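J.: Provided herewith is a single structure, encoded as C-alpha cells, for subsequent inquiry.
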Protein chains: 2
Amino acid sequence: MSVERWDVFELVLEGPETGNPFTEQTIEGVFRCKWETVSVTGFYDGGGVYKIRFMPSFAGVYEYTVRTSFNEPVTGTFCAEEASGENHGPVRVANRYHFAYEDGTPYFCLGTTAYVWDLQTGERIAETLSTLRESAFNKIRFCILPKHYDYNLNEPRSYPFVGEPMDSSVLNRENFMQYDNQSEGNSWDFSRFNPDHFRHIEYCIQELGKLGIEADLIVMHPYDRWGFSCMSKEEDDRYWNYVLARFSAYRNVWWSLANEYDLMYDKSTEDWERFASLICAGDPYGHLRSIHNCIPFYDYSRPWVTHCSIQRQDLYKTAELVPEWRERYGKPVVLDEIAYEGNIPHGWGNISGQEMVRRFWEAVCRGGYPGHGETFLNREGVLWWSHGGKLHGESHKRFQFLLDLWKESPGNGLMPCDEFWSEVCAVPEMSLTQPVRAKEYYLIYYSFMQPAVKEYHIDDETEYQLNVIDTWNMTIEDRGIVKGKFTVQLPGRPYMAIQLKRIRHG
Amino acid sequence: MSVERWDVFELVLEGPETGNPFTEQTIEGVFRCKWETVSVTGFYDGGGVYKIRFMPSFAGVYEYTVRTSFNEPVTGTFCAEEASGENHGPVRVANRYHFAYEDGTPYFCLGTTAYVWDLQTGERIAETLSTLRESAFNKIRFCILPKHYDYNLNEPRSYPFVGEPMDSSVLNRENFMQYDNQSEGNSWDFSRFNPDHFRHIEYCIQELGKLGIEADLIVMHPYDRWGFSCMSKEEDDRYWNYVLARFSAYRNVWWSLANEYDLMYDKSTEDWERFASLICAGDPYGHLRSIHNCIPFYDYSRPWVTHCSIQRQDLYKTAELVPEWRERYGKPVVLDEIAYEGNIPHGWGNISGQEMVRRFWEAVCRGGYPGHGETFLNREGVLWWSHGGKLHGESHKRFQFLLDLWKESPGNGLMPCDEFWSEVCAVPEMSLTQPVRAKEYYLIYYSFMQPAVKEYHIDDETEYQLNVIDTWNMTIEDRGIVKGKFTVQLPGRPYMAIQLKRIRHG
C-alpha cells in the first residue's frame, strides 16, 4: 500500500465478535517517525473487524505499535511518500483571519450546505457529487446523524445505531414539530453502532476529498425525532469517541460540534466544552473546530474554537458585520449561513440569487468567508440545502468567477480597508510570514449602489492596472494603467467592482 | 378680501423708508375672535411697505389691533370663512406617531427633497412645480438660503441680504470645499434683508400650498460660501425672527432648523435651543418643528421637537430601524434622507429605484414616513435633489400606488407588528380617539425575500379579504375571502406584499 503524507494509513485486525466489542474491546496505536510521535485510537468496524487509522504529517518512515485488549501488540513500519497532485494537507488557520493548507497553499473557503446529502439514495448522492464537481465549492457542511425537519420527514438510508426507528408514517407537515428533539417510539441500543452508517459517511468524506472539498462534519444537531439529540452524557461521549476514532485521519475533515447548538435544549455549555475536550484529545491532527448558532453566538473566543462559524443574527445586515466579528474574536470569520437562495416560506430560505452573490462579495471584501445554500421548492421535494441533488439557483454560477478573482489577491487573504464610507474596499491582509507591500492591491465593491463615475487618488506615483468588474454578469474589463488622481466610468448599475493591481517595474 | 380659516390674512401699512426700517421699526398685532387671542409680529417688506400676517385657526369674526413704532394703532375686523376644498389646516402630530391635518384628516407624509429648487430660474421652478403636480409627494424639503456644494456652484436667483457675493468664477469641482462654511470675499449688510428673496420664497410656499404640498423649510444649512452659516448670534436671531414673521402664517409651513446641523461647526446646542425658543415664541400657530442630522441625531426627545427628521446612520439598515426610533423618541419618525436614487459617486446618492421603493415600503410597514430624493447625473447638471426639474428615476412612479394603499389602512397610521420574524407586518396604530379593532387589518411586506408560498393563521373565525400586491409592478390581485389557516401562493420574486382586510358582516 502506498501512502502519501496526509493520506490515511489503515491497519485492519481481526478480533472478537462476542459480547459488545464497541464497549468491551480497545485498540490503541502509537505512530512514530523522525519528527512526530502520535497516539491514536482504533474502533470496531463490525463482523469481528477492528481498524486503526493514522494520518502521517510528514513524508518518511513510520514505525508503529498497536495494542489491543484482545491480542498481542502488532508492530510494523510504513513509508509515507511526499504529497502529490492536489494533496496539500489539512486546512489550518493562517495569518490569524485566514486559512491555508498545511503545505502553505492559501485556501479561500467558499462553502455550501447540504445537511443530509450523505443520507439520501445512492443515485441522489452521485448526483450531488456530480453537482459539486462542476461547482466552485471547496467546503460542504453536512450531518452525521439523520435530519427531521420541514421537507425532511423521510427515513435516512441508514441509522448510526442498532435498533428500530419510530413509525414515521404518522408524520406530516402539520405535526412534525411535535416529534422534535424526542426519543419516544424509537428503540436503539446506543452502545452498539451501525458500522455501515459510518463507513458510508467515510465514503462521502473520501469522495469529497477527491474533489478537493473539505467535509465540515456537523456531529450533533437538534432536528431529530430519533432521540439522537437527547442521549445521556455517557452515550454522547461514546458517540463522539467513535466519530473521532473513525474520521480524524481524513485530512479534509472539519469538526462542527453542532448546528444550531442553542436549540439543543438538553445540552449545556458544560457539555459542549466536554465534547471540545474529547475532540482535542481524540483528534491528534488538530482539524479545524467550531460550533454553529441559531440565535446567540457560542463564545468563539474559547481557545479550542479555531474559527467563527456564524449564522447571521440580523435579517438585513449579514456579511456587512464581518469586520466587527473579526475584531471581536480575532479568528477567521466563516459565514456558514447568511440565508439561502430560494423561495420557501421560511424567512431564512428565500433570498434571490442577486442578494446571495451580493452577500458573498460583501463578505469577501471584508475579509470573511461566505457560505451558500439553496432552497427552491420543487415537486420532488429535493432541496439542495438538505438533500443535495441539482442546483436550481443563479448565485452558484457566479462563484467560480469570484473565487478566481479572490485568488489573485496577494498573500493568503483580504482584509477590510476603512478608507471609504460607502463602497467596500479590500486590501491584502498583512502578515509577518507573507509580507505584502502597502498599496499593493485594492478590490473595491459597490454592492447595491450604482455610481456612474468614481474618482480615486491613492498617491501621485504608484501605477495600477485598473479592471472594472461586473460581479453579476462576470465580465472583467481592462481599463489600462492609472496613476495619481483618476476617474473610473461605471455603467450605473448595481453589483459592480473594480480591481487595482500595482504595476511592478524592472 | 375673503379669508378662509387657515388662510393668510394680511394687513399692509405704509411707513418710513429712512434709516434701517428692519432694525429701527416694529409692527405688532393682536388678533382676537371668540376662541383665540393671538399676538403676531409684522415685518418690513421694503419700499416703505410694512406687513403683518395672521392665520385664523377658527371660522368667525376676528378683531385686530396693530401697533407700530411709526404710526397710530390700526384696528379692524374681518370674517374668516369655513375652510373649503383641499384646505384642511396645518399638519399636526396625531396619535403620537402619526400626522393629521387640523381638521382631523389623516396626513400620510410622503416627502421628497430638492434643496434649492426655489432659487433656480423661473423656468426651472415652473418645471419643478409641474413635476410635483404629477407626483405623489405631499411634502418637500428645501432651503431658504442658497446652497454651495458639489453640483451647486452656480449663483442663486437672489440673496437674502443686501450686498455682494464673493466672485464664484474661481470655483470648480476640485476646490469648492475650500470655500465651505466661510464668509471671505463677501460683503453683506446682515442688518438689511432683501425682501425680494423672501417674497419669492413665499411664492414657492404658496404654489406648493395650491398643490397640497407641505413646505418643510430648512432655515439653516452648512453648504455655504457666503457666510450665511457663520453669522453672529445677533444676526442669526434677526434672521430667524424675520423668517418667522414672514412665513409663520402659511398653513403648509414646517420648520427644519437645519439640514445636517452637526456640520455647522460654528453653532452649538445652545444656539439650536435658542432658535427653537425663537420659533416657539415667534410662530403662534405651532407648526411642526425638527432638525436634520448628518451623523449624530439631535436629541429628538427635546420637548420642542415635534417629530424625528432622520438621516440614516447606517449604509445598509435604514427604514428597518424605524421601530427602534419610534420607541426611543415616542414621536413620528420621518426618514428625510434614506439615500437618493441615482448614479452619482457619493455613497448617499446612488441607490437603485428598486432599493428606494423597498426602503419606502419597509418604512411604511414599520409605522414610519419615508422620504425621496433623486441624483442622476446629466449634461445640464440638473439634479432633482438640489435643483428640482424633472424626475429621471423609477421609484417616484411607484409612490402614488403606495400612498393609495397606505390610505386604505384604518385609523390614521400604521404600526409594526412583531408577529413574524422575516416578513414585515403592519397593523393599524391603536388610539383612544380613533379606536381600531384588533385584527382589523394587516399589511405584510416581503421586501427582498421571495417566498413562493406562505401560510397564515390569524384565528379560526375572522374572515379577511386577501389581496396579493406587487409593489414594483403595481398590481393588486384579489384572492377572495380567507379564514382560519390559509395558504398564499406568491410568484417567488422580490418586492411582494399581501393585504388582509377584515370582512364586516351585517
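The values are calculated or read from the model by the stated rules, or taken from the named source; none is laboratory data. Computed from a predicted model, the values in this text were never measured in an experiment. Cβ atoms come from the backbone with ideal geometry, glycine included; neighbour counts cover every protein chain shown. SASA here: full protein model, heavy atoms, side chains in, ligands and nucleic acids out. Shrake-Rupley method; radii C 1.70, N 1.55, O 1.52, S 1.80 Å.
J.: I'd like to know if region A:214-231 contains one or more residues that are part of a loop (DSSP other than H, G, I, E, B), touching a Gly at 6+ places or on another chain (Cβ under 9 Å) and among the charged types (D, E, K, R).
T.: Checking region A:214-231: at least one residue is part of a loop (DSSP other than H, G, I, E, B), touching a Gly at 6+ places or on another chain (Cβ under 9 Å) and among the charged types (D, E, K, R).
J.: From the list B:Trp421, B:Trp472, B:Trp385, pick out the single residue that is out of contact with any helix residue (DSSP H, G or I) (no Cβ under 8 Å at 6 or more places or on another chain) and within 14 Å of chain A (Cβ to nearest Cβ). Break it down stepwise before answering.
T.: Values: B:Trp472 fails: out of contact with any helix residue (DSSP H, G or I) (no Cβ under 8 Å at 6 or more places or on another chain); B:Trp385 fails: within 14 Å of chain A (Cβ to nearest Cβ).
Every option except B:Trp421 fails the conditions.
J.: Conditions first: (1) within 26 Å of A:Asp150 (Cα to Cα); (2) open to solvent by 10 Å² or more (accessible area, probe 1.4 Å). A:Leu217 passes all but one, so which condition is the exception?
T.: (2)
J.: In addition: Touching a Leu at 6+ places or on another chain (Cβ under 6 Å), outside any strand (DSSP E or B), in contact (Cβ under 8 Å) with a residue 24 or more places away in the chain and under 22 Å from A:Trp361 (Cα atoms): does that describe A:Pro491?
T.: Working: touching a Leu at 6+ places or on another chain (Cβ under 6 Å): no; outside any strand (DSSP E or B): yes; in contact (Cβ under 8 Å) with a residue 24 or more places away in the chain: yes; under 22 Å from A:Trp361 (Cα atoms): yes.
Taking the combined requirement at face value, the residue does not satisfy it.
J.: Can you tell me which condition B:Asp266 does not meet? The list is (1) in a helix (DSSP H, G or I); (2) over 30 Å from B:Asn87 (Cα atoms); (3) not small (Gly, Ala, Ser), and all the others hold.
T.: Exception for B:Asp266: condition (1).
J.: Across region A:191-213, what is the total count of residues that are of a type in the set (A, V, I, L, M, F, W, C) and outside any helix (DSSP H, G or I)?
T.: Quick first cut of region A:191-213, residues of a type in the set (A, V, I, L, M, F, W, C) only: A:193, A:198, A:201, A:204-205, A:208, A:211, A:213.
The next check asks that each one be outside any helix (DSSP H, G or I); those that pass are A:193, A:211, A:213.
Residues flagged as of a type in the set (A, V, I, L, M, F, W, C) and outside any helix (DSSP H, G or I) within region A:191-213 amount to 3.
Every residue, every condition in (1) closer than 30 Å to B:Met430 by Cα; (2) surrounded by 18 or more Cβ atoms within 10 Å (Cβ to Cβ), yes or no:
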{"position": "B:Thr26", "(1), (2)": "no, no"}
{"position": "B:Ile52", "(1), (2)": "no, yes"}
{"position": "B:Cys79", "(1), (2)": "no, no"}
{"position": "B:Phe99", "(1), (2)": "yes, yes"}
{"position": "B:Ile125", "(1), (2)": "no, yes"}
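J.: Residues that are over 24 Å from B:Ala258 (Cα atoms) and free of Cβ contacts under 8 Å to residues at least 40 places away in the same chain: does region B:318-325 have at least one?
T.: First pass over region B:318-325, keeping only residues over 24 Å from B:Ala258 (Cα atoms): B:320, B:323.
Keeping just the survivors that are free of Cβ contacts under 8 Å to residues at least 40 places away in the same chain gives none.
Taking every residue of region B:318-325 in turn, none turns out to be over 24 Å from B:Ala258 (Cα atoms) and free of Cβ contacts under 8 Å to residues at least 40 places away in the same chain.
J.: Restricting region B:404-414 to residues that are open to solvent by 10 Å² or more (accessible area, probe 1.4 Å) and in a helix (DSSP H, G or I), which is modelled with the lowest pLDDT?
T.: At the first step, the residues of region B:404-414 found to be open to solvent by 10 Å² or more (accessible area, probe 1.4 Å) are B:404, B:407-408, B:410-411.
Still in the list and also in a helix (DSSP H, G or I): B:404, B:407.
On the way: B:Asp404: 97, B:Lys407: 94.
Among residues in region B:404-414 that are open to solvent by 10 Å² or more (accessible area, probe 1.4 Å) and in a helix (DSSP H, G or I), the one modelled with the lowest pLDDT is B:Lys407.
J.: Check A:Thr471, A:Thr462 and return the single one that is open to solvent by less than 30 Å² (accessible area, probe 1.4 Å), in contact (Cβ under 8 Å) with a residue 12 or more places away in the chain and under 19 Å from A:Ala438 (Cβ atoms). If you could, list the steps in order and put the result at the bottom.
T.: Details: A:Thr471 fails: under 19 Å from A:Ala438 (Cβ atoms).
After applying the criteria, what remains is A:Thr462.
J.: Additional query: Exactly one condition in (1) farther than 17 Å from B:Val116 by Cα; (2) in contact (Cβ under 8 Å) with a residue 24 or more places away in the chain is false for B:Leu145; which is it?
T.: Failing condition for B:Leu145: (1).
J.: Still on this model: Against the definition (buried (at least 24 other Cβ atoms within 10 Å of the Cβ) and away from chain A (no Cβ under 14 Å)), how does B:Arg251 come out, yes or no? So that I can check it myself, show each step before the final result.
T.: Values: buried (at least 24 other Cβ atoms within 10 Å of the Cβ): yes; away from chain A (no Cβ under 14 Å): yes.
The answer is yes for B:Arg251.
J.: Tally the residues that are open to solvent by less than 40 Å² (accessible area, probe 1.4 Å) and either under 19 Å from the mean Cα position of the chain (by Cα) or more than 21 Å from A:Ile444 (Cβ to Cβ) (or both), restricting the search to region A:389-403.
T.: Start the filter on region A:389-403 by keeping residues that are open to solvent by less than 40 Å² (accessible area, probe 1.4 Å), which leaves A:389, A:391, A:393, A:395, A:398-399, A:401-403.
Then keep just the ones that are either under 19 Å from the mean Cα position of the chain (by Cα) or more than 21 Å from A:Ile444 (Cβ to Cβ) (or both); that gives A:389, A:391, A:393, A:395, A:399, A:402-403.
Result for region A:389-403: 7.
J.: When you scan region B:268-288, do you find a residue that is open to solvent by less than 10 Å² (accessible area, probe 1.4 Å), over 23 Å from B:Arg192 (Cα atoms) and touching a Cys at 6+ places or on another chain (Cβ under 9 Å), even just one?
T.: no
J.: Can you name the number of the only condition in (1) over 28 Å from the mean Cα position of the chain (by Cα); (2) surrounded by 20 or more Cβ atoms within 10 Å (Cβ to Cβ) that B:Val427 fails?
T.: Failed condition: (1).
J.: Tally time: how many residues in region A:447-457 are assigned to a loop (DSSP other than H, G, I, E, B) and more than 8 Å from every other protein chain (Cβ to nearest Cβ)? Let's see the steps before the verdict.
T.: Within region A:447-457, the subset assigned to a loop (DSSP other than H, G, I, E, B) is A:447-452.
Next, from what is left, pick out any that are more than 8 Å from every other protein chain (Cβ to nearest Cβ): A:447.
Total meeting the criteria: 1.
J.: If the Cβ limit is 7 Å and pairs must be 6+ apart or interchain, which residue in region A:375-396 that is under 15 Å from A:Leu129 (Cα atoms) pairs with which residue that is of a type in the set (Lys, Arg)?
T.: These pairs meet every condition: A:Ser386/A:Lys147; A:His387/A:Arg124; A:Gly388/A:Arg124; A:Gly389/A:Arg124.
Listed here are the residues, each with its yes/no results for (1) at pLDDT 95 or above; (2) within 14 Å of chain B (Cβ to nearest Cβ); (3) more than 26 Å from A:Ile125 (Cβ to Cβ).
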{"position": "A:Ile344", "(1), (2), (3)": "yes, yes, no"}
{"position": "A:Gly349", "(1), (2), (3)": "yes, yes, no"}
{"position": "A:Glu362", "(1), (2), (3)": "yes, yes, yes"}
{"position": "A:Gly367", "(1), (2), (3)": "yes, no, yes"}
{"position": "A:Gly373", "(1), (2), (3)": "yes, no, no"}
{"position": "A:Leu391", "(1), (2), (3)": "yes, no, no"}
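J.: Which condition breaks for A:Gly89 when tested against (1) within 24 Å of A:Gly381 (Cα to Cα); (2) open to solvent by less than 10 Å² (accessible area, probe 1.4 Å)?
T.: For A:Gly89, the exception is condition (1).
J.: For A:Tyr115, are the conditions met, namely being touching a strand residue (DSSP E or B) at 6+ places or on another chain (Cβ under 6 Å), surrounded by 21 or more Cβ atoms within 10 Å (Cβ to Cβ) and aromatic (Phe, Trp, Tyr)? I'd like the intermediate steps shown before the answer.
T.: On the way: touching a strand residue (DSSP E or B) at 6+ places or on another chain (Cβ under 6 Å): yes; surrounded by 21 or more Cβ atoms within 10 Å (Cβ to Cβ): yes; aromatic (Phe, Trp, Tyr): yes.
Considered against the rule, which asks whether it is touching a strand residue (DSSP E or B) at 6+ places or on another chain (Cβ under 6 Å), surrounded by 21 or more Cβ atoms within 10 Å (Cβ to Cβ) and aromatic (Phe, Trp, Tyr), A:Tyr115 comes out as yes.
J.: Please work out which one of (1) more than 26 Å from the chain's Cα centre (by Cα); (2) on the phi < 0 side of the Ramachandran plot is the condition A:Gly47 fails and give its number.
T.: Only one criterion is unmet by A:Gly47, namely (2).
J.: Let me ask something else. Of the residues in region B:130-174, how many are surrounded by fewer than 18 Cβ atoms within 10 Å (Cβ to Cβ) and under 30 Å from B:Cys308 (Cβ atoms)?
T.: 4
J.: Looking at region A:415-422, can you tell me whether even one residue there is assigned to a strand (DSSP E or B), of a type in the set (A, V, I, L, M) and open to solvent by 20 Å² or more (accessible area, probe 1.4 Å)? If you could, list the steps in order and put the result at the bottom.
T.: Going residue by residue through region A:415-422, those that are assigned to a strand (DSSP E or B) are A:415-417.
With the extra rule that they be of a type in the set (A, V, I, L, M), the set shrinks to A:415.
Next, from what is left, pick out any that are open to solvent by 20 Å² or more (accessible area, probe 1.4 Å): A:415.
Yes: one or more hits.
J.: Shifting gears a bit: Is it fair to say B:Ser256 is part of a strand (DSSP E or B), hydroxyl-bearing (Ser, Thr, Tyr), closer than 26 Å to B:Gly42 by Cβ and within 25 Å of the chain's Cα centre (by Cα)? Let's see the steps before the verdict.
T.: Numbers: part of a strand (DSSP E or B): yes; hydroxyl-bearing (Ser, Thr, Tyr): yes; closer than 26 Å to B:Gly42 by Cβ: yes; within 25 Å of the chain's Cα centre (by Cα): yes.
Criteria met by B:Ser256.
J.: Further question: Which of the residues belonging to region B:299-322 are over 20 Å from B:Asp283 (Cα atoms) and among the aliphatic types (A, V, I, L, M)?
T.: Initially, region B:299-322 is screened for residues over 20 Å from B:Asp283 (Cα atoms), giving B:299, B:301, B:310-322.
Matches in region B:299-322: B:Ile310, B:Leu315, B:Ala319, B:Leu321, B:Val322.
J.: Sticking with this one: Given the criterion closer than 24 Å to A:Gly42 by Cα and either open to solvent by 30 Å² or more (accessible area, probe 1.4 Å) or in contact (Cβ under 8 Å) with a residue 12 or more places away in the chain (or both), identify the matching residue among A:Asp189, A:Asp262, A:Asp224. Give the derivation first.
T.: On the way: A:Asp262 fails: closer than 24 Å to A:Gly42 by Cα; A:Asp224 fails: closer than 24 Å to A:Gly42 by Cα.
Exactly one residue qualifies, and that residue is A:Asp189.
J.: Considering only region A:476-498, how many residues are away from chain B (no Cβ under 14 Å), open to solvent by less than 70 Å² (accessible area, probe 1.4 Å) and not hydrophobic (A, V, I, L, M, F, W, C)?
T.: 1
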